[in-house]
1. Taking H placed 1.01 Å from N in the peptide plane, check which residues at least 5 places from LEU66 or on another chain put their amide H under 5 Å from its amide H.
2. Which ³J(HN,Hα) values in Hz, rounded to whole numbers, follow from the phi angles of the stretch 34-40 under the Karplus curve 6.51 cos²θ - 1.76 cosθ + 1.60, where θ = phi - 60° and Gly and Pro get x?
3. At 7 Å along Cα-to-Cβ for each site, give me the label-to-label distance between ASN152 and SER49 in nm.
4. Quick one: length gained pulling VAL17 to THR132 fully straight, 0.36 nm per residue minus the C-alpha distance?
5. What lysines could a cross-link reach from LYS77, if we take a straight Cα to Cα line under 20 Å and drop same-chain neighbours fewer than 8 places away?
6. Once fully extended, how much extra length lies between THR56 and SER83, figured as 0.36 nm per residue of separation less the alpha-carbon to alpha-carbon distance?
7. What ³J(HN,Hα) values, in whole Hz, does the Karplus curve 6.51 cos²θ - 1.76 cosθ + 1.60 give for the stretch 77-88 when θ = phi - 60°, with x put for Gly and Pro?
8. Suppose a student asked you for the relative contact order of the stretch 36-109, using Cα pairs under 8 Å spaced at least 6 residues apart; what percent would you report?
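Nothing in this text is a laboratory measurement; each read-out follows from the coordinates by a stated rule. Being a predicted model, the structure only gives us computed values, none of them experimental. Note: ideal-geometry Cβ built from the backbone for every residue, glycine included; neighbour counts use all protein chains shown.
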Amino acid sequence: DTLRYRISNCDSIIRIVNLTVTPAIVSNTNASICSGDNYLLPWGVNISSAGIYKDTLHTSSGCDSLIRNLTLTVKPKPTISISKSNDIDCMLGISKLNATGGGKYLWSPVSSLSDAAISNPVASPTATTMYTVQVTATNGCMQEDSIVVIVNNNGTDNGFLMPNAFTPNNDGKNDVLYV
């Protein structure tokens, strides 16, 4: 725009001012974190709550030059349920582990597991072992939990498998109960 003005009763001075308005640059960003995590805003502030966060950078003369908007979403971590079928002794040489609450599972240590990447591996440890499972939800958030499988080797020569049921229906299978 051109601005002209005259000083009253004088027409010999004319001043022309060219005014350019430079709009501020607006930067919109979306980000997400998992519950319990922190997010470091570009301007150095740590946050952990969902919301819209705004910041404005100014030039040395005080004009707005960059307006930053960040929309933060907080995603829930998976809720894990973990269990085992039993501890290990001279009669029961395996324990069935089970975890629920996610889409992907990763158990450790892997050495005594049938498959460390499933929700329900079979464990056959030779010593008491703490198994940890990392569960990843479909939203990408992870949670961990642990369970201990106790190995009791006492009395390994004194154990006998004792049936606790029989089916006396004359089909030739489990018709008699005896030690």
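1. Here ILE25, LEU57 satisfy the definition.
2. 8, 4, x, 8, 10, 10, 8
3. The modelled label-to-label distance comes out at 5.1 nm.
4. Value of the extension gain: 34.2 nm.
5. Partners within reach: LYS104.
6. 4.6 nm
7. 7, x, 9, 9, 10, 10, 8, 9, 6, 5, 8, 9
8. 19 percent
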